[in-house]
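The values are calculated or read from the model by the stated rules, or taken from the named source; none is laboratory data. The structure presented is a predicted model; accordingly, all values stated were derived computationally and were not measured. No Cβ is skipped: glycine too gets one built from the backbone with ideal geometry, and neighbour counts run over all protein chains shown.
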Amino acid sequence: MQIETKLPQVGTTIFSVMSQLAQEYDAVNLGQGFPDFEPPMALRDALSRAVADGRNQYPPGIGVAALRQQVAKKTESLYGRATDADTEVTITSGATEAIFAAIAATVRAGDDVIVLDPAYDCYVPAIELQQARAIRVPLQRPGFAIDWQRLADAITSRTRMLIVNSPHNPTGAVLAAADLQQLAALLRDTSIVLLSDEVYEHMVFDGALHQSVARHPELAARSFVISSFGKTYHCTGWKIGYCVAPPALTAELRKVHQYLTFASFAPAQWALAQMLEAAPEHHLELPAFYQAKRDRFRALLADTPLMLQAVPGGYFQLVDYSAVRDVDDIAFSQWLVREAGVAAVPLSPFFETPPDTRLIRLCFAKSDATLEAGASRLVSLDNAPRDQC
């Protein structure tokens with residue numbers, strides 16, 4: 001049987017490729033973005049209780065009511081947006097499912113969807129599966145800020161959706177309050193839907209506030225706001241995310257969601273509801289928790305030949321390796337695993353047309369022991385012959 005692929009440009013994700021290489025070479029894995037430490041004990045205990053209490057069958061497709069209520073309460077508390085748990089909150093099987101469902105629900109064949117480049121790798125395949133076109137608008141360097149003129153120029157009568165991501169993966173850039181104002185002005189007289197990927201919402205540093213589009217009433221009225229319990233509670237393997245959107249958008253998202261997964265892991269939903277109610281301080285303390293990891297990791301890397309980029313948000317450190325090798329980032333990442341025993345993620349797979357840069361991404365959502373082990377190996381790059389790669 002011969003199959004005509006619907007995604008001819010798509011192969012195995014770079015995250016899976018680099019994690020496989022890390023296993024093959026017994027490398028310190030600073031590539032794929034997952035913590036190597038456990039979720040809070042209170043959350044693990046709540047999960048055990050949920051299983052023991054018989055919360056093991058299908059939950060409501062839109063999510064357990066107690067969890068949706070806690071999400072609504074959290075959204076209003078953090079961002080000042082009154083949210084209806086029944087008509088505006090949907091629990092999903094991870095943020096990736098929510099992103100796919102939002103795109104599939106609102107984007108049609110022939111539409112354009114604007115994606116800011118570099119972009120997380122699940123956006124464009126979801127767009128192309130709708131027979132729509134991804135329009136890539138490059139972010140400005142340094143700092144990976146939005147180029148407002150290029151974004152305005154990209155909008156046409158075919159533009160159906162704009163996707164933003166803050167804190168941004170892979171760069172760590174964050175939107176400011178002024179960015180939300182410009183975004184609102186740009187979209188004001190259009191029917192463009194906004195998809196805001198905010199899975200790293202609780203990892204904004206140096207005293208800054210996360211500028212969720214939920215803070216801005218005009219933007220919230222046209223937005224899918226998507227987040228992840230996996231990132232917030234160090235349990236990425238549970239695959240529980242959520243989407244907050246106005247009733248009309250939520251209704252369309254739920255039509256797709258019910259045929260993607262129908263419902264998400266029930267015991268985890270009950271456990272997360274209990275955690276949010278009993279320990280709301282967890283997500284409030286997360287910025288300081290990850291800022292300490294960021295600062296420790298940067299200090300450990302100070303003796304390496306890598307040039308550290310600013311990290312205003314997220315849990316990834318971009319480094320410039322041009323002082324070590326003058327090769328492309330994929331070749332360098334493969335060499336780094338083989339010769340230095342450290343797995344990173346190259347930046348080029350996040351771009352439509354990769355710029356001529358020498359940047360890789362390292363994850364600092366790791367235990368102190370892992371960060372120290374990785375940094376000790378990276379220090380040895382100073383002594384590596386430049387012609388090895």
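Residues ILE163, ILE192: which one is surrounded by fewer than 23 Cβ atoms within 10 Å (Cβ to Cβ), modelled with pLDDT of 95 or more and within 25 Å of THR92 (Cα to Cα)?
Being surrounded by fewer than 23 Cβ atoms within 10 Å (Cβ to Cβ), modelled with pLDDT of 95 or more and within 25 Å of THR92 (Cα to Cα) holds for just one of ILE163, ILE192, which is ILE192.
In the range 61-153, which helices (runs of 4 or more DSSP H) lie fully inside it and hold 3 or more residues that are under 23 Å from GLY33 (Cα atoms) and under 22 Å from the mean Cα position of the chain (by Cα)?
Qualifying helices (runs of 4 or more DSSP H): 94-106, 123-128.
Residue by residue through the range 23-59, note down the ones that are more than 28 Å from LEU362 (Cβ to Cβ) and of a type in the set (D, E, K, R).
Correct list: ASP45, ARG49, ASP53, ARG55.
ASP356: closer than 15 Å to GLN140 by Cα and without any contact (Cβ under 8 Å) to a residue 60 or more places away in the chain, yes or no?
Judged against the criteria, ASP356 is a match.
May I ask you to list pairs of residues, at least six apart or on different chains, whose Cβ atoms are under 9 Å apart, with the first in the range 113-124 being more than 13 Å from PRO346 (Cα to Cα) and the second being part of a strand (DSSP E or B) and among the hydroxyl-bearing types (Ser, Thr, Tyr)?
From residues that are more than 13 Å from PRO346 (Cα to Cα), the pairs are VAL113/THR159; ILE114/THR159.
Filter the range 195-240 down to the residues that are among the polar types (S, T, N, Q) and assigned to a helix (DSSP H, G or I), then identify the one that is surrounded by the most Cβ atoms within 10 Å (Cβ to Cβ).
Checking each candidate, the answer is THR232.
Tell me the residue from ALA27, ALA46, ALA102 that is touching a Cys at 6+ places or on another chain (Cβ under 7 Å), surrounded by 19 or more Cβ atoms within 10 Å (Cβ to Cβ) and either at pLDDT 95 or above or more than 23 Å from LEU260 (Cα to Cα) (or both), please.
ALA102
Can you pull out every residue in the range 67-89 that is surrounded by fewer than 16 Cβ atoms within 10 Å (Cβ to Cβ) and aliphatic (A, V, I, L, M)?
ALA82
So in the range 241-253, with the set limited to residues that are part of a helix (DSSP H, G or I) and among the small types (Gly, Ala, Ser), which one is surrounded by the fewest Cβ atoms within 10 Å (Cβ to Cβ)?
ALA248
Listed here are the residues, each with its yes/no results for (1) among the hydrophobic types (A, V, I, L, M, F, W, C); (2) at pLDDT 95 or above; (3) under 24 Å from LEU209 (Cα atoms).
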{"position": "ILE14", "(1), (2), (3)": "yes, no, no"}
{"position": "VAL51", "(1), (2), (3)": "yes, yes, no"}
{"position": "ASN56", "(1), (2), (3)": "no, yes, no"}
{"position": "THR90", "(1), (2), (3)": "no, yes, no"}
{"position": "ALA119", "(1), (2), (3)": "yes, yes, yes"}
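What residue, among those in the range 145-175 that are without any contact (Cβ under 8 Å) to a residue 24 or more places away in the chain and either among the charged types (D, E, K, R) or touching a Cys at 6+ places or on another chain (Cβ under 7 Å) (or both), is farthest from HIS210 (Cα to Cα)?
ASP153
If a residue counts only when it is in the same structural domain as LEU362 (by TED's automatic domain parsing) and either surrounded by 20 or more Cβ atoms within 10 Å (Cβ to Cβ) or touching a strand residue (DSSP E or B) at 6+ places or on another chain (Cβ under 7 Å) (or both), which helices (runs of 4 or more DSSP H) contained entirely in the range 258-348 have at least 2 such residues?
Helices (runs of 4 or more DSSP H) meeting the threshold: 281-300, 329-335.
Output the residues belonging to the range 4-33 that are in contact with a Lys or Arg (Cβ under 9 Å, 6 or more places away or on another chain) and assigned to a loop (DSSP other than H, G, I, E, B).
Answer for the range 4-33, where residues must be in contact with a Lys or Arg (Cβ under 9 Å, 6 or more places away or on another chain) and assigned to a loop (DSSP other than H, G, I, E, B): TYR25, ALA27, LEU30, GLY31, GLY33.
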